Amino acid sequence: MTVEHQLESAIKILKSHGYKYTKKREEILLFLIKENRYVGAIEVFDFMSEKHQGISYDTIYRNLRDFSKMELLEETELMGEKKFRFHCDVSEFHNHSHHHHHFICTSCGATKEINLCPMDFFSEQLPDCQIESHRFEILGKCKKCLKK
(Lines give C-alpha, C1' and ligand atoms only; values in the text may rest on other atoms or scores of the structure.)
Protein backbone atom coordinates (compact mmCIF):
# COMPACT_ATOMS: atom_id res chain seq x y z
CA MET A 1 0.00 0.00 0.00
CA THR A 2 1.42 3.40 -0.94
CA VAL A 3 2.06 6.21 1.53
CA GLU A 4 -0.69 8.23 -0.13
CA HIS A 5 -3.21 5.40 0.17
CA GLN A 6 -2.29 4.80 3.82
CA LEU A 7 -2.76 8.50 4.58
CA GLU A 8 -6.05 8.68 2.67
CA SER A 9 -7.38 5.62 4.55
CA ALA A 10 -6.28 7.05 7.90
CA ILE A 11 -8.01 10.37 7.22
CA LYS A 12 -11.24 8.57 6.26
CA ILE A 13 -11.11 6.62 9.52
CA LEU A 14 -10.36 9.81 11.46
CA LYS A 15 -13.42 11.51 9.95
CA SER A 16 -15.62 8.44 10.49
CA HIS A 17 -14.85 8.74 14.22
CA GLY A 18 -16.05 12.36 14.23
CA TYR A 19 -12.63 14.04 14.24
CA LYS A 20 -11.96 17.05 12.06
CA TYR A 21 -9.31 16.91 9.41
CA THR A 22 -6.46 19.29 10.16
CA LYS A 23 -3.17 19.80 8.36
CA LYS A 24 -1.32 19.12 11.63
CA ARG A 25 -3.04 15.76 12.09
CA GLU A 26 -2.16 14.90 8.52
CA GLU A 27 1.48 15.84 9.17
CA ILE A 28 1.62 13.65 12.30
CA LEU A 29 0.14 10.70 10.42
CA LEU A 30 2.42 11.22 7.44
CA PHE A 31 5.47 11.37 9.73
CA LEU A 32 4.48 8.06 11.36
CA ILE A 33 3.73 6.39 8.02
CA LYS A 34 7.09 7.42 6.58
CA GLU A 35 9.06 6.50 9.71
CA ASN A 36 7.62 2.96 9.63
CA ARG A 37 8.98 2.22 13.12
CA TYR A 38 8.08 2.78 16.74
CA VAL A 39 8.70 6.38 17.80
CA GLY A 40 8.16 8.20 21.07
CA ALA A 41 5.83 11.16 21.45
CA ILE A 42 8.90 13.39 21.95
CA GLU A 43 10.18 12.48 18.46
CA VAL A 44 6.82 13.43 16.96
CA PHE A 45 6.84 16.62 19.05
CA ASP A 46 10.35 17.53 17.87
CA PHE A 47 9.34 16.95 14.24
CA MET A 48 6.18 19.03 14.56
CA SER A 49 7.92 21.80 16.54
CA GLU A 50 10.24 22.44 13.59
CA LYS A 51 7.22 23.34 11.46
CA HIS A 52 4.81 24.70 14.06
CA GLN A 53 6.43 26.86 16.69
CA GLY A 54 4.43 26.81 19.90
CA ILE A 55 2.72 23.45 19.37
CA SER A 56 2.39 21.74 22.74
CA TYR A 57 3.57 18.30 23.74
CA ASP A 58 0.10 17.69 25.22
CA THR A 59 -1.49 18.29 21.81
CA ILE A 60 0.86 15.78 20.19
CA TYR A 61 0.30 13.18 22.90
CA ARG A 62 -3.48 13.63 22.84
CA ASN A 63 -3.52 13.09 19.06
CA LEU A 64 -1.33 10.00 19.35
CA ARG A 65 -3.64 8.60 22.03
CA ASP A 66 -6.71 9.35 19.90
CA PHE A 67 -5.12 7.74 16.83
CA SER A 68 -4.38 4.66 18.94
CA LYS A 69 -7.99 4.43 20.11
CA MET A 70 -9.06 4.49 16.46
CA GLU A 71 -6.53 1.69 15.80
CA LEU A 72 -4.57 3.85 13.38
CA LEU A 73 -1.50 3.33 15.55
CA GLU A 74 0.01 0.40 17.37
CA GLU A 75 1.54 0.99 20.80
CA THR A 76 4.29 -0.64 22.77
CA GLU A 77 6.50 0.25 25.68
CA LEU A 78 10.26 0.30 25.26
CA MET A 79 12.50 1.08 28.20
CA GLY A 80 9.69 2.71 30.17
CA GLU A 81 8.47 4.93 27.33
CA LYS A 82 5.30 4.49 25.32
CA LYS A 83 6.08 4.26 21.60
CA PHE A 84 3.78 4.49 18.61
CA ARG A 85 3.88 3.32 15.00
CA PHE A 86 1.41 3.54 12.16
CA HIS A 87 -0.65 0.35 12.11
CA CYS A 88 0.63 -2.14 9.52
CA ASP A 89 -2.80 -2.95 8.19
CA VAL A 90 -4.88 0.24 8.10
CA SER A 91 -7.45 0.41 5.36
CA GLU A 92 -10.51 2.54 4.87
CA PHE A 93 -12.57 -0.51 5.80
CA HIS A 94 -10.65 -0.76 9.07
CA ASN A 95 -10.12 -4.48 8.65
CA HIS A 96 -6.94 -5.63 10.39
CA SER A 97 -7.10 -9.05 8.79
CA HIS A 98 -3.40 -9.81 8.59
CA HIS A 99 -2.57 -11.33 11.99
CA HIS A 100 1.10 -10.99 12.82
CA HIS A 101 3.53 -9.96 15.52
CA HIS A 102 6.71 -7.88 15.58
CA PHE A 103 10.40 -7.94 16.24
CA ILE A 104 11.21 -4.46 17.61
CA CYS A 105 14.70 -2.96 17.70
CA THR A 106 15.28 -1.51 21.16
CA SER A 107 17.77 1.01 19.76
CA CYS A 108 16.07 2.55 16.73
CA GLY A 109 12.47 1.25 16.97
CA ALA A 110 12.60 -0.50 13.60
CA THR A 111 10.16 -3.37 13.25
CA LYS A 112 9.96 -6.59 11.30
CA GLU A 113 6.80 -8.60 10.88
CA ILE A 114 6.71 -12.08 12.34
CA ASN A 115 4.13 -14.19 10.52
CA LEU A 116 4.01 -16.88 13.15
CA CYS A 117 1.75 -16.90 16.17
CA PRO A 118 2.67 -18.86 19.31
CA MET A 119 -0.93 -18.96 20.59
CA ASP A 120 -1.53 -22.61 19.63
CA PHE A 121 1.17 -23.60 22.10
CA PHE A 122 -0.28 -21.42 24.87
CA SER A 123 -3.83 -22.62 24.21
CA GLU A 124 -2.63 -26.18 24.76
CA GLN A 125 -1.02 -25.12 28.05
CA LEU A 126 -4.22 -23.42 29.25
CA PRO A 127 -7.01 -25.86 28.29
CA ASP A 128 -9.42 -24.70 30.99
CA CYS A 129 -8.99 -20.98 30.25
CA GLN A 130 -10.49 -18.67 27.68
CA ILE A 131 -7.84 -16.49 26.08
CA GLU A 132 -9.45 -13.21 25.04
CA SER A 133 -6.51 -11.40 23.53
CA HIS A 134 -2.77 -11.52 23.18
CA ARG A 135 0.23 -9.50 22.13
CA PHE A 136 3.59 -10.98 21.26
CA GLU A 137 6.73 -8.92 20.67
CA ILE A 138 10.35 -9.91 20.36
CA LEU A 139 12.79 -7.21 21.44
CA GLY A 140 16.43 -6.90 20.42
CA LYS A 141 18.86 -5.09 18.12
CA CYS A 142 18.33 -4.94 14.36
CA LYS A 143 21.10 -5.70 11.86
CA LYS A 144 21.79 -1.99 11.29
CA CYS A 145 22.14 -1.23 15.02
CA LEU A 146 24.31 -4.28 15.61
CA LYS A 147 26.81 -2.89 13.10
CA LYS A 148 27.14 0.39 15.05
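Name the single residue, out of those in the range 127-146 being surrounded by 10 or more Cβ atoms within 10 Å (Cβ to Cβ) and of a type outside the set (A, V, I, L, M), that is nearest to Cys117 (Cα to Cα). It would help to see each step written out before you state the result.
Quick first cut of the range 127-146, residues surrounded by 10 or more Cβ atoms within 10 Å (Cβ to Cβ) only: 134, 136-142, 144-146.
Pick out the ones that are also of a type outside the set (A, V, I, L, M) and you get 134, 136-137, 140-142, 144-145.
Working: His134: 10, Phe136: 8, Glu137: 10, Gly140: 18, Lys141: 21, Cys142: 21, Lys144: 25, Cys145: 26 Å.
Looking at residues that are surrounded by 10 or more Cβ atoms within 10 Å (Cβ to Cβ) and of a type outside the set (A, V, I, L, M), I get Phe136.
Restricting to the range 32-54, what's the tally of residues that are closer than 14 Å to Lys83 by Cα, surrounded by fewer than 17 Cβ atoms within 10 Å (Cβ to Cβ) and in contact with a helix residue (DSSP H, G or I) (Cβ under 9 Å, 6 or more places away or on another chain)?
The number of residues fulfilling the criteria is 1.
Closer than 27 Å to Thr106 by Cβ, open to solvent by 30 Å² or more (accessible area, probe 1.4 Å), assigned to a loop (DSSP other than H, G, I, E, B) and without any contact (Cβ under 8 Å) to a residue 60 or more places away in the chain: which single residue out of Glu75, Glu71 fits that description?
Criteria check complete, one pass: Glu71.
Among the residues in the range 55-68, are any open to solvent by less than 30 Å² (accessible area, probe 1.4 Å), touching a Lys or Arg at 6+ places or on another chain (Cβ under 8 Å), in a helix (DSSP H, G or I) and within 30 Å of Cys142 (Cβ to Cβ)?
Taking every residue of the range 55-68 in turn, at least one turns out to be open to solvent by less than 30 Å² (accessible area, probe 1.4 Å), touching a Lys or Arg at 6+ places or on another chain (Cβ under 8 Å), in a helix (DSSP H, G or I) and within 30 Å of Cys142 (Cβ to Cβ).
Within 30 Å of Ile138 (Cα to Cα), open to solvent by less than 40 Å² (accessible area, probe 1.4 Å), touching a helix residue (DSSP H, G or I) at 6+ places or on another chain (Cβ under 9 Å) and at pLDDT below 90: is that true of His101 in this structure?
Working: within 30 Å of Ile138 (Cα to Cα): yes; open to solvent by less than 40 Å² (accessible area, probe 1.4 Å): yes; touching a helix residue (DSSP H, G or I) at 6+ places or on another chain (Cβ under 9 Å): no; at pLDDT below 90: yes.
So His101 fails the test.
The values are calculated or read from the model by the stated rules, or taken from the named source; none is laboratory data. Model, not experiment: these values are computed from the prediction. Every residue, glycine among them, receives a Cβ derived from its backbone with ideal geometry; neighbour counts consider all protein chains shown. Accessible surface areas use protein heavy atoms only, side chains included; no ligands, DNA or RNA. Shrake-Rupley method; radii C 1.70, N 1.55, O 1.52, S 1.80 Å.
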